[in-house]
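Participant: Dumping the structure here so I can ask a few things about it.
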Amino acid sequence: MRRITRRGFAAAALGAASSVLAAGAAATAGGPAAPAGDRKDGTGRPEMRGMWLATIGNRDWPSAPGRSAARQRQELLAHLDAAVENRLNTVIFQVRPSADALWPSPHEPWAECLTGVQGRDPGWDPLGFAVREAHRRGLELHAWFNPYRVANHADPGRLAPAHPARRHPDWVVPYGGKLYYNPGLPEVRRFVQEAMLDAVRRYPVDGVHFDDYFYPYPAKGEPFRDDAAYAAHGKGFASRAAWRRDNINRLVQETAQQLEGVESRRAERQVRFGISPFAVWRNQATDPAGSATRAGVETYDDLYADTRRWVREGWVDHIVPQVYWNIGAAGSDYAELVDWWARTVEDTGVDLYIGEALYKAGDPAQPAAWRDPAELSRHLTLARKHPEVGGHVFFSAKEVSEDRAGALTRVVRDHYGSAARP
């Protein structure tokens, strides 16, 4: 029996009221599926055609810190227009890159990527502008948050003077040359939830999105120093690893519950909750339930992120694993991971979208498969053999605009025959 997730009843009602169109002709081996502009996922929603718009380190936007407000607005509109031109329907906009904000937050300083100085008012409201302009273009706008990253450096003195990490140095763990909030402290978990959900209460965003950073990726030979937090809060757990996983489970479950509270106060809104983890939960050699992969990182063991449980418990509305390998890649084959995730979401009510490495297309430093402009199109052809896959999200906006290898143009030609409504 199909499980009903936290907003599954609304989705089911929508599906019953909408005629679900056929997914298009079945893909033939080696060739693209028929263009499917009206293709729907299992809930009757149009397929996800998304892109991430990253602001950390000015990766996609703004092109450089300190641009004028007018120039920043112009650049942001260009990214939204590129999404429309490529027949996408969703933009996942990074609005809290490093415990700072792209809106006038009462909790955290203005983001450094805007002016080059963390805490300096840019003179306008990027998130409010982005939501309004995305909706004008028929795009969904999902607010992308990084819960625990404080800084991509290890110097607290470089943070804004009023930064919460400076007011509460006991919340912070230096690790791998960077600063992180300690996920093991309940007060940290409460704070980051409040800081993130402030944006949801202020703006009509269509989704809340977390990326793959929970506990940090392992730095060789360096322990994550959370001894005091474990001593204070880890009683009753079989191991520190189990306690760490529980901390992240609580973040995910509590965020889902708080989003329900936001919706109940504003009944006309439905804010979808999604997470885009590193794609390997566990290798099969570690756990028979894992994927037939040989990845060097496993989210369950290394990031303490039990991504499979989040799906099975229905704590998220959709999962977007970052399947950033080519078809046939040794150790982490795109085909194997899409199949594993399709089996994982089956009968859970959680939607599956595949994160795609558009940034690798045409890069001479990548394996030879990525130098073929047709590789990405083949991904969509393969994924459409799995009815559980409801769409794709491309990393990231700069590559959507540049499309240096023509890979996205090929995807649009082969698969996106017409615009897809959000």
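Participant: Leaving out ligands, DNA and RNA, what percent of the accessible area of the chain is carbon and sulfur, probe 1.4 Å?
Facilitator: 50
Participant: Compute the whole-percent fraction of alpha carbon pairs in the stretch 54-96 spaced more than 17 Å apart.
Facilitator: Percentage above 17 Å: 32.
Participant: I've got another one for you. In whole Å, what three semi-axes, largest first, describe the equivalent ellipsoid of the stretch 87-220 built from its Cα gyration tensor (square root of 5 times each eigenvalue)? Could the numbers behind the result be given before it?
Facilitator: Numbers: eigenvalues 136, 54, 36 Å².
Listed largest to smallest, the semi-axes of the stretch 87-220 are 26, 16, 13 Å.
Participant: Would you mind getting me the FRET efficiency between LYS385 and HIS233? Use the beta-carbon distance for r and R0 = 56 Å, nearest 0.05.
Facilitator: 0.80
Participant: Express the accessible area of the stretch 158-202 per residue in Å², computed with a 1.4 Å probe while the remaining protein chains stay in the model.
Facilitator: So the stretch 158-202 comes to 40 Å² accessible per residue, rounded to a whole number.
Participant: Per the Kirkwood formula on distinct C-alpha pairs, the Rh of the stretch 108-162 is how many angstrom?
Facilitator: Final number for the Kirkwood radius of the stretch 108-162 is 13.2 Å.
Participant: Could I ask something else about it? Rounded if a/c is under 1.5, else prolate if a/b is larger than b/c, else oblate: which is the stretch 164-317, with a ≥ b ≥ c the root eigenvalues of its Cα gyration tensor?
Facilitator: oblate
Participant: If I take the Cα coordinates of the stretch 302-422 and project them onto the principal axes, what are the three extents in Å, biggest first?
Facilitator: If we take the Cα atoms of the stretch 302-422, the spans are 40, 36, 25 Å.
Participant: Give me the mean projected area, in nm² to one decimal, of the convex hull enclosing the Cα positions of the stretch 207-248. Kindly include the intermediate steps, with their values, before the conclusion.
Facilitator: On the way: hull surface 16.0 nm².
Average projection, Cα convex hull of the stretch 207-248: 4.0 nm².
Participant: Okay, next question. Roughly what % of DSSP beta bridges within the chain run antiparallel, to the nearest 5?
Facilitator: Details: 7 of 42 bridges.
Bridges in the chain are about 15 percent antiparallel.
Participant: Just the accessible area for ILE56, please: 1.4 Å probe, Å², rounded to the nearest 10?
Facilitator: 50
Participant: Per residue, how much accessible area does the stretch 89-148 show when a 1.4 Å probe rolls over the protein heavy atoms, in square angstrom? Write down the numbers at each step before the final one.
Facilitator: On the way: 1560 Å² over 60 residues.
Ligands and nucleic acids excluded, the figure is 26 Å² per residue.
Participant: Follow-up. Give me the one-decimal nm value for the distance between modelled label points at ARG136 and GLN270, 7 Å along each residue's Cα-to-Cβ direction.
Facilitator: Spacing of the two 7 Å Cα→Cβ label points: 2.7 nm.
Participant: Using Cα-Cα distances under 8 Å and only pairs 6 or more residues apart, what relative contact order does the stretch 271-332 have, in percent?
Facilitator: Taking the mean separation of contacting Cα pairs over the length of the stretch 271-332, I get 42 percent.
Participant: How compact is the chain by the rule of thumb for globular proteins, expressed as Cα Rg over 2.2 N^0.38 Å?
Facilitator: Working: Rg = 20.7 Å, N = 422, 2.2 N^0.38 = 21.9 Å.
That works out to 0.95 for the chain.
Participant: Order 204-217, 244-257 from most to least packed using the mean count of other Cβ atoms within 10 Å.
Facilitator: In descending order of packing, they fall as 204-217, 244-257.
Participant: Could you state the accessible area per residue of the stretch 266-422 in Å², with a 1.4 Å probe and every protein chain left in place?
Facilitator: Here the per-residue accessible area is 35 Å².
Participant: Please compute the net charge surrounding VAL400, taking Lys and Arg as +1 and Asp and Glu as -1 over other residues with Cβ under 12 Å from its Cβ. Could you put the intermediate results ahead of the total?
Facilitator: Working: positive: ARG49, ARG87, LYS398, ARG404; negative: ASP60, ASP81, GLU85, GLU356, GLU399, GLU402, ASP403.
Counting the neighbours of VAL400, the net charge comes to -3.
Participant: Please find the FRET efficiency linking TYR213 to ARG421, where r is the Cβ-Cβ separation and R0 is fixed at 22 Å, and quote it to the nearest 0.05.
Facilitator: With a Förster radius of 22 Å, E is 0.10.
Participant: Work out the P(r) tail for the stretch 178-259: percent of alpha carbon pairs separated by more than 14 Å, whole number.
Facilitator: Here the tail beyond 14 Å accounts for 67 percent of pairs.
The values are calculated or read from the model by the stated rules, or taken from the named source; none is laboratory data. Every value quoted in this text rests on a predicted model; they were computed, and no experiment measured them. Cβ sites come from the backbone with ideal geometry, for glycine too, and all protein chains shown count toward neighbours. The area values use the complete protein model at the heavy-atom level, side chains included, leaving out ligands, DNA and RNA. Shrake-Rupley method; radii C 1.70, N 1.55, O 1.52, S 1.80 Å.
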